[in-house]
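The values are calculated or read from the model by the stated rules, or taken from the named source; none is laboratory data. As the structure is a prediction and not an experimental result, all values here were calculated from the model. Neighbour counts run over all protein chains shown; Cβ positions are idealised from the backbone, glycine included.
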Amino acid sequence: MQIRVIAAALTLMILVGCGASINPVTQQRVVEWFGKTSSTSYNATSAFQRPMTYKVGQYVVYGITDGDDRSVYRTALVGKDGDAWIMETKNISAYGESTTQMAVRGLEKVYESFDIDDMDILWVKMQQDDGQVQTIDGMTLSLVKGTYKKSLTGLVMRFDAGQTTGSVRVPGGTFDGCTKVTSKVETFFGDYESDVWLHPEVPLNGVVRSVSKDNDTVSDLLEFGSDAEPSF
């Protein structure tokens, strides 16, 4: 048996560029995010089955540790454009910050079918360092949509059936009764396998913690909630 869910982090397909030098402002923000801690506990009465229903305002923030590098990723549902969800992803690293919004249609359908071709991207907006927003849509988007689609294969994570485990403590709180699974993700950049701890109280994808079996990349939940607003 496998449980497959939509991964919250659209970061696998975000087109972000890092400068060659350290940005002390964003570097300090990463340090501050990693210094956060919550004393709140969350209980689960049964094993994780599927993410909670999508709602505008839901967001998750993860601290990503990859060797000596640390970064912060925030993914949020910040609105709707007709029947499409507006999903915003913010990436903060020692090299800078980038924010991207996408209007994604078909999230609910993919939720049921687990077929990434049931999802469509209507437009992409990227905020530049100077605050200007670049929009990719129409013919321009159609020329690169194939690349986006290939990158989006990483949004479907296949989970081997897991079992309820004990408490997992991360900066975002203590999560009792997490379900530990092994995830297998096929992405544009390669295939990855990780140990993942899931909890029904976490929106978007339920992920509390993940540890890559390939390169020891660790993702810990730093914060989550239901009151996210668009950054631009």
### Task
Give the range 124-140 a look and list any residue that's without any contact (Cβ under 8 Å) to a residue 40 or more places away in the chain and within 17 Å of ASP81 (Cα to Cα), or say none.
VAL124, THR135, ILE136, ASP137, GLY138
### Query
What tally of residues in the range 39-59 results from selecting those that are modelled with pLDDT of 95 or more and surrounded by 13 or more Cβ atoms within 10 Å (Cβ to Cβ)?
5
### Task
Consider only pairs whose beta carbons are under 9 Å apart and that are at least six residues apart or on different chains; among these, list those whose first residue lies in the range 187-198 and is closer than 14 Å to VAL170 by Cβ and whose second residue is modelled with pLDDT under 70 and in a loop (DSSP other than H, G, I, E, B).
VAL196/GLY162; TRP197/GLY162; LEU198/GLY162
### Message
Can you tell me how many residues within the range 62-86 are over 22 Å from VAL211 (Cα atoms), in a strand (DSSP E or B) and of a type in the set (D, E, K, R)?
### Response
2
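Conditions tested, residue by residue: (1) surrounded by fewer than 16 Cβ atoms within 10 Å (Cβ to Cβ); (2) outside any helix (DSSP H, G or I); (3) at pLDDT below 90.
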{"site": "THR100", "(1), (2), (3)": "no, yes, yes"}
{"site": "ALA103", "(1), (2), (3)": "no, yes, no"}
{"site": "TYR111", "(1), (2), (3)": "no, no, yes"}
{"site": "MET126", "(1), (2), (3)": "no, yes, yes"}
{"site": "GLY131", "(1), (2), (3)": "yes, yes, yes"}
{"site": "SER142", "(1), (2), (3)": "yes, no, yes"}
{"site": "LYS149", "(1), (2), (3)": "no, no, yes"}
{"site": "MET157", "(1), (2), (3)": "no, yes, yes"}
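When only residues in the range 168-207 that are outside any strand (DSSP E or B) and at pLDDT below 80 count, which is surrounded by the fewest Cβ atoms within 10 Å (Cβ to Cβ)? Walk me through how you get there before you give the answer.
Kept after step one, since they are outside any strand (DSSP E or B), are these residues of the range 168-207: 171-172, 177-178, 188-189, 199-206.
With at pLDDT below 80 added as a condition, the list becomes 188-189.
Numbers: PHE188: 14, PHE189: 10.
Residue satisfying both the conditions and the ranking: PHE189.
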### Residue that is more than 30 Å from ASP220 (Cβ to Cβ), among the hydrophobic types (A, V, I, L, M, F, W, C) and touching a helix residue (DSSP H, G or I) at 6+ places or on another chain (Cβ under 7 Å), where the choices are TRP123, TRP85
TRP123
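Condition first: in a strand (DSSP E or B), without any contact (Cβ under 8 Å) to a residue 60 or more places away in the chain, crowded, with 19+ Cβ neighbours inside 10 Å and touching a Lys or Arg at 6+ places or on another chain (Cβ under 9 Å). Can you find one or more residues in the range 87-95 that meet it? Full working, then the answer.
As a first pass, look at the range 87-95 and keep what is in a strand (DSSP E or B): 87-93.
This time we only want the ones that are without any contact (Cβ under 8 Å) to a residue 60 or more places away in the chain, so: none.
Within the range 87-95, not a single residue is in a strand (DSSP E or B), without any contact (Cβ under 8 Å) to a residue 60 or more places away in the chain, crowded, with 19+ Cβ neighbours inside 10 Å and touching a Lys or Arg at 6+ places or on another chain (Cβ under 9 Å).
Out of curiosity, is ILE121 among the hydrophobic types (A, V, I, L, M, F, W, C), assigned to a strand (DSSP E or B), touching a Leu at 6+ places or on another chain (Cβ under 8 Å) and under 30 Å from LEU143 (Cα atoms)? Full working, then the answer.
On the way: among the hydrophobic types (A, V, I, L, M, F, W, C): yes; assigned to a strand (DSSP E or B): yes; touching a Leu at 6+ places or on another chain (Cβ under 8 Å): yes; under 30 Å from LEU143 (Cα atoms): yes.
Yes; evaluated as a whole, the condition is true for this residue.
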### Task
Please work out which one of (1) part of a strand (DSSP E or B); (2) closer than 24 Å to HIS199 by Cα is the condition VAL56 fails and give its number.
(1)
#### Entry: Filtered residues of the range 1-26 (kept if modelled with pLDDT of 50 or more, buried (at least 16 other Cβ atoms within 10 Å of the Cβ) and outside any loop (DSSP other than H, G, I, E, B))
THR26
